[in-house]
1. Take the conditions surrounded by 15 or more Cβ atoms within 10 Å (Cβ to Cβ), within 16 Å of ligand 2 (Cβ to nearest atom) and in a loop (DSSP other than H, G, I, E, B) and apply them to residue 162. Does it pass?
2. Would you point out which residue out of 223, 181, 204 is more than 14 Å from ligand 2 (Cβ to nearest atom) and either in contact (Cβ under 8 Å) with a residue 60 or more places away in the chain or in a loop (DSSP other than H, G, I, E, B) (or both)?
3. Could you grab me the full set of residues in the stretch 103-127 that are within 21 Å of residue 6 (Cβ to Cβ) and surrounded by 15 or more Cβ atoms within 10 Å (Cβ to Cβ)?
4. Among residues belonging to the stretch 128-154 that are under 14 Å from residue 67 (Cα atoms) and within 16 Å of ligand 1 (Cβ to nearest atom), point out the one that is surrounded by the most Cβ atoms within 10 Å (Cβ to Cβ).
5. When you go through 214, 254 one by one, which is the residue that is within 22 Å of residue 22 (Cβ to Cβ), free of Cβ contacts under 8 Å to residues at least 40 places away in the same chain and outside any strand (DSSP E or B)?
6. Looking at 222, 257, can you tell me which residue is touching a strand residue (DSSP E or B) at 6+ places or on another chain (Cβ under 6 Å), modelled with pLDDT of 95 or more and over 11 Å from residue 210 (Cβ atoms)?
7. Taking the condition of being within 19 Å of residue 191 (Cβ to Cβ) and in contact with a helix residue (DSSP H, G or I) (Cβ under 7 Å, 6 or more places away or on another chain), how many residues in the stretch 223-239 meet it?
8. Residue under question is residue 17, and the condition is that it be farther than 23 Å from residue 136 by Cβ, part of a loop (DSSP other than H, G, I, E, B) and within 14 Å of ligand 2 (Cβ to nearest atom); does it hold?
Ligand code: LER
Ligand code: MN
């Protein structure tokens, strides 16, 4: 089985550092295609600012799909989250994410729930925070049951809600929504998981999307993560989705993008 690869492009300039490309959709999507990627993951702050027709035209011209849509900028740039103690902000966040879900429906993409879940706020019980998160995700998941939503376990330095695969799987059991699964990211896994292989096996068919970056968040091959067992285990659990590069654009965006694909080409042939 040939793995499919994608890389992150932010549809607008943003402050998050692990973005390979920002803006200039036509030019950047053309490059991503030329490098040999199968898809482009879009990071979108506000879908209403996107010209969907022209985006679809560009995607069609270069024959690239959109495996996933990132939503972290909703929190990073606007401080909106599902667990803000202010009910109006929680509601505004749900409404915004529903516009992402409508976009995902058009593009057949998975919706990523990363930092938009927020953080535990001072003076609020953790059970309350979790309940707000459950309610928000149930609302969003029921809005379009055919759109998959992927919760990303994120390392402890970025949030204190759902850091590990194990906690996130327990959370999914509470949520009871078939169209909600997980996004595993090797950068976060390297910090939080006891073992890459066992965590991928535990998540199994709940893995809806997969981010890669090496231990230093550079392209795979630039740090000390061993991607060979990771790739092998994704194949063993019959992962059908994309391997998506969410990495620092270093030493420069194009070298990083090319190096990631060269690296995976080198290790992927071993399993075919
Ligand atoms: C987003 O996919 C991610 O991995 C987080 O580090 C966002 O800060
Ligand atoms: Mn990620």
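The values are calculated or read from the model by the stated rules, or taken from the named source; none is laboratory data. Note that the coordinates shown come from a computational prediction; the quantities given were computed from them, not determined experimentally. Neighbour counts run over all protein chains shown; Cβ positions are idealised from the backbone, glycine included.
1. Details: surrounded by 15 or more Cβ atoms within 10 Å (Cβ to Cβ): yes; within 16 Å of ligand 2 (Cβ to nearest atom): yes; in a loop (DSSP other than H, G, I, E, B): yes.
When the stated conditions are applied, residue 162 passes them.
2. Working: 181 fails: either in contact (Cβ under 8 Å) with a residue 60 or more places away in the chain or in a loop (DSSP other than H, G, I, E, B) (or both); 204 fails: either in contact (Cβ under 8 Å) with a residue 60 or more places away in the chain or in a loop (DSSP other than H, G, I, E, B) (or both).
From the options 223, 181, 204, the qualifying one is 223.
3. First, pick out the residues of the stretch 103-127 that are within 21 Å of residue 6 (Cβ to Cβ): 103-116.
The answer is 103, 104, 107, 109, 110, 111, 112, 113, 114, 115, 116.
4. Initially, the stretch 128-154 is screened for residues under 14 Å from residue 67 (Cα atoms), giving 147-150.
From the residues that got through so far, the ones that are within 16 Å of ligand 1 (Cβ to nearest atom) too are 148-150.
Details: 148: 21, 149: 26, 150: 23.
In this case the residue turns out to be 149.
5. On the way: 254 fails: free of Cβ contacts under 8 Å to residues at least 40 places away in the same chain.
Unique residue meeting the criteria: 214.
6. Details: 222 fails: touching a strand residue (DSSP E or B) at 6+ places or on another chain (Cβ under 6 Å).
After applying the criteria, what remains is 257.
7. At the first step, the residues of the stretch 223-239 found to be within 19 Å of residue 191 (Cβ to Cβ) are 223-227, 229-230, 233.
Subset that is in contact with a helix residue (DSSP H, G or I) (Cβ under 7 Å, 6 or more places away or on another chain): 225, 227, 229-230, 233.
Adding up the residues that qualify gives 5.
8. On the way: farther than 23 Å from residue 136 by Cβ: yes; part of a loop (DSSP other than H, G, I, E, B): yes; within 14 Å of ligand 2 (Cβ to nearest atom): yes.
Yes.
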